Every structure is written in structure tokens, then in C-alpha cells.
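What follows is a set of notes on a single structure, which appears directly below.
Read-outs: derived from the displayed coordinates by stated rules, not from any lab. Since this is a predicted model, take the numbers as computed values, not measurements. Note that we place each Cβ from the backbone using ideal geometry, even for glycine, and neighbour counts take in every protein chain shown.
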Amino acid sequence: MSSTRLYYIHDPMCSWCYAFKPVYQQLLKKLPDTVKVSSLLGGLAADTEQPMPVEMQQQLKNTWQRIEQKVPGIQFNFDYWKHAKKTKPRRSTWLACRAVIAAAAIKPEFESLMIAGIQTAYYQQATNPSDPETLIEIAQQLGFNAEQFKQHLNAAATQQELDRQIAFSRQLNVSSFPSLVLQTETSHWPVSIDYNHYQPILDTINMILDFD
């Protein structure tokens, strides 16, 4: 059992990852002690300065609405889309991913706080985490030195680490987020996501462990 590991593959600007967060946190508390947990950034969308097409904006707005209907308690601030001229949406999440890596490089225990900060900025405060200014402001709110954080954010090593995590998530055959993959001594097992209850996920994990 020493090699048993649950991989959580996500993106800080993935709305379904945001919706899964409460159940995922419950799951972590219930996992067997023999199961180690690792997070991987899947890198939803590469760097770009191109404005998001209106059709895609509407598609993502519809996704937010669908999530609110499907996952009780999850709410979004739709001002982000209403004021698109100000927020300037772009299909670009890699910078936010690098911000998570930068935060972890400075203080490993702040990785989850950076993710939460990005999600709050994006989904509740209607600001754009594709903008470096937004990420630096989040970092400062967490107590980071702005210049130190900026250096880590823009470092080649940070992009290399993101590349590594993206490549590994693809080796796990993950193409959508969030995803869970359980690694045992013999194989890698995809674990279905339930956005409302942790128990079915936990049951699947325990079934795999018993089978394996």
C-alpha cells in the first residue's frame, strides 16, 4: 500500500473544479491513511492575449449557470461577464497555474491558499486571474512580497514545472478537469467525480483498493 496515491488534476480557473472543492475537502478527511494525495495542474488553456470570443463567453456563462443548478451552494458573480469590457476575458489559465506553483515554491503550505484566492477573485470578485496584476494582488493579500512573487511567477523554472505537471496528467490519460486517478502498485485507476457527495467517490476508491 505504500505506493498508493490519489492524484487530483485541476486548474485554478476551472469552474467545475471550483464546484468540486467542498466535496473534495470532505473526501480528503475520509481517505484511508494509506492513501497519499498529490495535486497536479492540468493547464486548461495556454497563454494568450487574444480576447475571448463572445460565443465562448456565453458558453462559459451557461456553464456557470448549469453548475449553480447542479451543485447546491455554489454561486458565481456574473458581473464578470456583464462587464466584459472591464474584465477582458481571455481563454488563458496558465498564468494562474504558474501563480499556484510560485506560491508553493515560496511557502508550500500556501499552495491551497493561492488556489482559493484565485477562485475568489475570479468567481466572487469578478476580476481576471489571467492578468498578472490580479495574481500579484492576491499574493500580497496572502502576505507575499510582491517582487519576490513576481520573480517566481515569471521564472523559467516555474513554466518548466507546469510543463511537467501537464505532461504527467496526460500520461494519466486525463483530458478534463477536475479528475481523480488512483495509483496502486499495479495500475492507475480513474475515479468518477460526484459533485454533491463524497461517499460514492470514497466507495470507489475503497473498492479499487480491495480489488487490487
**Fill in**
With the 8 Å Cα cutoff and a minimum separation of six or more residues, the chain has a relative contact order in percent of 31
**Request:** Tell me the label-point distance for the pair residue 28, residue 56, using the 7 Å Cα-to-Cβ offset, in nm and rounded to one decimal.
**Result:** 3.0
**Request:** For the range 59-67, just list the computed ³J(HN,Hα) in residue order, Karplus coefficients 6.51, -1.76 and 1.60, θ = phi - 60°, integers in Hz, with x standing in for Gly and Pro.
**Result:** 4, 5, 4, 5, 4, 4, 5, 5, 5
**Item:** the chain: angle of helix 199-211 to the longest principal axis, Cα-based, in degrees nearest 10
**Value:** 40
**Request:** Please work out how many pairs of lysine residues in the range 5-211 are eight or more positions apart (or on different chains) and have Cα atoms closer than 20 angstrom.
**Result:** 11
**Request:** Provide the packing ranking of 120-133, 71-84, i.e. peptides ordered by the mean count of other C-beta atoms within 10 Å per residue, highest first.
**Result:** 120-133, 71-84
**Request:** Please give the FRET efficiency for residue 39 paired with residue 82, using the beta carbon to beta carbon distance and R0 = 35 Å, rounded to the nearest 0.05.
**Result:** 0.65
**Request:** For helix 94-106, report the angle its Cα long axis makes with the longest principal axis of the Cα atoms of the chain; keep it between 0 and 90° and round to the nearest 10°.
**Result:** 70
**Complete:** Stretched fully, the stretch from residue 188 through residue 142 gains (0.36 nm per residue minus C-alpha distance, one decimal, in nm) 13.0 nm
**For Rg and Dmax of the Cα atoms in Å, calculated from these coordinates, the label among (1) 17.4, 53; (2) 21.1, 68; (3) 15.6, 44** = (1)
**Prompt:** Rounded to the nearest 0.05, what FRET efficiency do residue 151 and residue 203 have when you use their Cβ-Cβ distance and R0 = 45 Å?
**Reply:** 0.50
**Prompt:** Could you give me the ³J(HN,Hα) list for the range 32-45, computed from phi with Karplus coefficients 6.51, -1.76, 1.60 and θ = phi - 60°, whole Hz, x at Gly and Pro?
**Reply:** x, 4, 6, 9, 7, 10, 10, 9, 10, 7, x, x, 4, 9
**Prompt:** Roughly how many nanometres apart are two label points built 7 Å out from the Cα toward the Cβ at residue 167 and residue 69?
**Reply:** 4.2
